[in-house]
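Enquirer: First the structure, then my questions, so here it is.
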Amino acid sequence: MKLTIHKETITEALKKVTRVLASNSAIPILNGVLLEVSNKEVLLTASNSTETIRQTITVDNVSVDVIEPGKIVIPKPVIDIVKKCNKDINFSLNGYSLNVVSGKKTFDFTCLDATDYPKFPDIDLSKPSFVLEGHTFHQLIRKTAYAASNSETRPILTGVCFELAEGNCSMICTDSHRLGRVIQPAASEEKLKIVVPAKAFDTMTKVFDFGQDVEMFIENDLHILIKNNSTTFLSRLLEGTYPDCNRLIPSTNSSVMTINREALFDAIDTLKDIASQSDTSKDTGVVKLNVNGVATFSTANNQKGKGTIEIPYENLEGEDDFTVSFNCKYALDALKSLDSDVVEVSFNGGMRPFLMGPTGDADLEEVHLILPVRTV
């Protein structure tokens, strides 16, 4: 194997695939990156056994010039050295010994046998199961994956449920305390329901070009393959039945408050540090909201102190004069995912889940549910 490649070309590709490399995998060969070179393309593949990223670089004889095809698994030190080079890089392989030259810098590394690297599944990429516009796909992730559980007590809740049915594409996610759901019209007659790890979706947002379409390939119950331009992402699916969260979303409400999103966010964000019951965790803070002619946010008295902030709401339909307490982080995460300047907050009393959503016509049907917290 011999090739010359521009530093920026190889660095950008390595930056993407190494997103899934573990710091020290129990499977030694997964600590490296599979480099496959042909006369048409250069493939870089990295995996942590759950997620796999493959980056394709087309041989154009300008940024990439292949002299001799071949393949090898390059260890992490090679990746670190390549990132520090500032000239075009020449790779030359002799057996398992890789010579790397960039300008006046010369290095030799012992590599691993490419035949020992886990095989990438042979999937027909000519006919995707589903295609989404890139920015829409990003929106679906941003508005749902934040609600995934971080606990392995119920592994299924660490994922996002993706469903195609009745001309719609929907994604829903919950950790049993909060929920995010979006529904997007989809020109697809295929029906499917899968659960994708939220961590996989998070990685996709870091490596995909959302100016390009996203193609999904689902050929079994074990994996989903998602292709975006020259990047291919393979993830294991979560096993099990995702809970029917749609029945948790109330269809009627006793009160609907319309309020400025930024003002609401700033009030909760200002009180969260005082509300936190621990100096080491910002996820425990609880804020109490009283609605009675104005939205009054307050914190309970603790060692840090207490605070109160009043915000005039734009409109209130239904019952007035009620109080609900909630986790600051849950509310802030939901508000971050909303894009409208004004939001609707729908209530059904102080101890029933309340909803947040955009006002006006939105491209997506979107709702965020938060369970209240019982306070004294």
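Enquirer: For Asp202 and Ser251, FRET efficiency with R0 = 30 Å and r from the beta-carbon atoms, rounded to 0.05? Intermediate values should be presented prior to the final figure.
Expert: Numbers: r = 31 Å, r/R0 = 1.05.
Between Ser251 and Asp202 the formula returns 0.45.
Enquirer: So, how do all the Cα-to-Cα distances of the stretch 51-188 break down into 5 Å bins, in percent, from 0 on up?
Expert: The calculated distribution, bin by bin, is 2, 7, 11, 13, 12, 10, 10, 10, 12, 9, 4, 0, 0.
Enquirer: Further question: For the chain, set up a GNM with springs between Cα atoms under 10 Å and report which of Glu366, Glu152, Glu215 has the largest fluctuation.
Expert: The residue with the greatest mean-square fluctuation here is Glu152.
Enquirer: Per residue of the chain, what 222 nm ellipticity follows from adding -39500 (n - 2.57) for every DSSP H run with n ≥ 4, rounded to the nearest 500? Please list the in-between numbers first.
Expert: On the way: 6 runs with 64 residues, N = 376.
About -5000 deg cm²/dmol.
Enquirer: Give me the dipole magnitude in Debye, nearest 20, for the stretch 130-246 about the Cα centre, with unit charges on the beta carbon: positive for Lys and Arg, negative for Asp and Glu. Mind showing how you got there, number by number?
Expert: On the way: 11 positive and 15 negative charges, 91 e Å.
About 440 debye.
Enquirer: Would you give the gap between the C-alpha center of the stretch 91-163 and the C-alpha center of the stretch 290-342, rounded to a whole Å?
Expert: 41 Å
Enquirer: Here's something else I'd like to know. Which order do peptides 27-35, 80-88 fall in by mean Cβ count within 10 Å, highest first? Don't skip to the answer; put the middle values down first.
Expert: Values: 27-35: 19.7, 80-88: 13.8.
For the peptides 27-35, 80-88, the packing ranking is 27-35, 80-88.
Enquirer: Can you give the angle from 0 to 90° between the axis of helix 198-207 and the longest principal axis of the chain, with both taken from C-alpha atoms, to the nearest 10?
Expert: 60 degrees
Enquirer: Rg and Dmax of the chain over Cα atoms: what are they, in angstrom?
Expert: Gyration radius and largest Cα-Cα distance of the chain: 25.1, 78 Å.
Enquirer: Taking N as the number of residues in the stretch 217-376, what value does Rg over Cα atoms divided by 2.2 N^0.38 Å take?
Expert: Values: Rg = 18.8 Å, N = 160, 2.2 N^0.38 = 15.1 Å.
Against the compact-globule rule of thumb, the ratio is 1.24.
Enquirer: Continuing with the same structure: Restricted to Cα positions, what overall size does the stretch 2-116 have along the principal axes? Three whole-Å values, descending.
Expert: 36, 25, 25
Enquirer: Taking the chain as a Gaussian network, where each spring joins two C-alpha atoms under 10 Å apart, which residue of Thr144, Thr106, Thr203 fluctuates the most?
Expert: Thr106
Enquirer: Anyone know which of Leu157, Leu271, Leu44 comes out most mobile in the 10 Å Cα GNM of the chain?
Expert: Result for the chain, Cα springs under 10 Å: Leu271 fluctuates most.
Enquirer: If packing is taken as the average count of other Cβ atoms within 10 Å, what order do 225-233, 185-193 fall into, highest mean first?
Expert: On the way: 225-233: 20.0, 185-193: 12.0.
By packing density, highest mean first, the sequence is 225-233, 185-193.
Enquirer: Another one. Taking R0 as 30 Å, what's the FRET efficiency between Val373 and Asn229 from their Cβ-Cβ distance, rounded to 0.05? Please list the in-between numbers first.
Expert: On the way: r = 44 Å, r/R0 = 1.46.
Result of the calculation: an efficiency of 0.10.
Enquirer: Between Lys336 and Thr4, what is the label-to-label distance in nm when each label sits 7 Å out along the Cα-to-Cβ direction?
Expert: 4.6 nm
Enquirer: Taking the 0 to 90 degree range and rounding to the nearest ten, how far is the long axis of helix 328-337 tilted relative to the main principal axis of the chain, both from C-alpha atoms?
Expert: Roughly 60 degrees, rounded to the nearest 10.
Enquirer: For the peptides 367-373, 97-103, what is the packing order when you average, over each peptide's residues, the other Cβ atoms within 10 Å and list the highest mean first? Mind showing how you got there, number by number?
Expert: Values: 367-373: 20.7, 97-103: 16.0.
Ranked from most to least packed, the peptides come out as 367-373, 97-103.
Enquirer: Projected onto the charge dipole of the chain (+1 at Lys/Arg Cβ, -1 at Asp/Glu Cβ, origin at the Cα centre), which of Ala114, Asn220, His368 gives the Cα projection farthest towards the positive end?
Expert: Ala114
Throughout, read-outs are computed from the coordinates displayed, never taken from laboratory work. Fair warning: this is a prediction, and the values are worked out from it, not measured in the lab. Note: ideal-geometry Cβ built from the backbone for every residue, glycine included; neighbour counts use all protein chains shown.
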